[in-house]
Amino acid sequence: MIVAGIGCRKGVDTAGVLAALDAALHSHELDRSALSALATTSFKRNEAAIFAAAERLGLEVIVVEGADESDETLTRSDISRAVSSSSSVSESAALAAAGKDARLLGPRLITGAVTCAIAVSGASA
């Protein structure tokens, strides 16, 4: 399973989400067809652009409850921690949604107002 975790500033547009997603996938030599799902935390459950991007890609959005501070995240954002319960929304969401044996392919990538991290688990790991 390959999951793209998405974090963003409030009110981003769908094009911004897709641009961040494409940049993160490209950095790992993947394309959109490799994705199993998008993920975000409950803090971002009302960001329409995340869901619109998933719909455009034919993917589900896994909303992760309680994706908090994790020793497994590769980056830490004081801003993210101040406004949510996570120091990296995109990394935490990707790891939690991809499952127990998930690992990040690398640190989150920041594109404009959107962050994206890619996690893999199972046969994709």
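Key figures
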item: Given (1) over 17 Å from GLY122 (Cβ atoms); (2) in a loop (DSSP other than H, G, I, E, B); (3) touching a residue at least 60 places away in the same chain (Cβ under 8 Å), index of the condition ASN46 fails; result: (3)
item: Cβ pairs under 9 Å, 6+ apart, first in the range 30-43 and acidic (Asp, Glu), second open to solvent by 40 Å² or more (accessible area, probe 1.4 Å) and modelled with pLDDT of 95 or more; result: ASP31/ASP22
item: Selected residue (criterion: nearest to THR111 (Cα to Cα)) from residues of the range 24-48 that are within 13 Å of the chain's Cα centre (by Cα) and at pLDDT 95 or above; result: ALA24
item: The range 23-43, subset among the hydrophobic types (A, V, I, L, M, F, W, C) and in a helix (DSSP H, G or I), residue farthest from ALA119 (Cα to Cα); result: PHE43
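The values are calculated or read from the model by the stated rules, or taken from the named source; none is laboratory data. Nothing here was measured: the structure is a model prediction, and the numbers come from that model. No Cβ is skipped: glycine too gets one built from the backbone with ideal geometry, and neighbour counts run over all protein chains shown. Just the protein is used for accessible areas: all its heavy atoms, side chains included, with ligands, DNA and RNA removed. Shrake-Rupley method; radii C 1.70, N 1.55, O 1.52, S 1.80 Å.
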